[in-house]
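Each remark here refers to the structure printed beneath this line.
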Amino acid sequence: MGASPFSIEDKVAIVTGGGVGIGKSIALEFARAGADVVIASRKLENLEPVTAEIAKLGRRSFCVALDVRQEDQVKGLVERTVKEMGR
């Protein structure tokens, strides 16, 4: 039987607001489901512990402090994600 069309195994997810609350929970669940996870928020100090938790789950991750209201910052995040996490 083929893989589920809903599987995120070996995919890459970008989670904004990934340092606390619902965003953190989503980032960790994506990692548990097999995805590599990039997390972003305005406060880097909230992101670094989550990045470490994702690594403990055996998935690749990095974090970036940014303001999602700034289009150039979001484009930079996507470009970096493709460069570092591309397959």
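The values are calculated or read from the model by the stated rules, or taken from the named source; none is laboratory data. For clarity, every value in this text was computed on a predicted model and none was experimentally measured. Cβ sites come from the backbone with ideal geometry, for glycine too, and all protein chains shown count toward neighbours. With ligands, DNA and RNA removed, areas are computed over all heavy atoms of the protein, side chains included. Shrake-Rupley method; radii C 1.70, N 1.55, O 1.52, S 1.80 Å.
Amide H neighbours of residue 59 under 5 Å, at least 5 residues apart or on other chains, H built in the peptide plane: list them.
Answer set, sorted by chain and number: none.
What is the extension gain from residue 60 to residue 74, computed as 0.36 nm multiplied by their sequence separation minus the C-alpha to C-alpha distance, in nm to one decimal?
Length difference between fully extended and current span is 3.1 nm.
Based on the mean of other beta carbon atoms within 10 Å per residue, what is the order of 51-62, 66-77, most packed first?
Highest-to-lowest ranking by the protection proxy: 51-62, 66-77.
Once phi is turned into θ = phi - 60°, what whole-Hz ³J(HN,Hα) does the Karplus curve with 6.51, -1.76 and 1.60 give for every residue of the stretch 11-16, x standing for Gly and Pro?
The phi angles translate into 9, 10, 10, 10, 10, 8 Hz.
Using each residue's phi in the stretch 28-37, evaluate 6.51 cos²θ - 1.76 cosθ + 1.60 at θ = phi - 60° and report the 3J(HN,Hα) Karplus result to the nearest Hz, with x for Gly and Pro.
So the Karplus estimates, Gly and Pro as x, are 5, 5, 4, 5, 4, 7, x, 8, 7, 10 Hz.
Counting only heavy atoms of protein chains, what accessible area per residue, in Å², does the chain have with a probe of 1.4 Å?
Result: 65 Å² of accessible area for each residue.
Under 5 Å between amide H atoms, partner at least 5 residues away or on a different chain: which partners does residue 13 have, H built in plane at 1.01 Å?
It is 36, 37, 38, by chain and number.
Can you pull the percent of the chain's accessible area that's carbon plus sulfur, 1.4 Å probe, other chains left in place?
So the carbon and sulfur contribution to the accessible surface is 55 percent.
Around residue 19, what is the net charge, scoring Lys/Arg as +1 and Asp/Glu as -1 over all other residues with Cβ under 13 Å from its Cβ?
Net local charge, residue 19 excluded: 0.
What is the packing order of peptides 9-22, 28-41, taking the mean over residues of other C-beta atoms within 10 Å and listing the highest first?
Ranking, from highest mean packing down: 28-41, 9-22.
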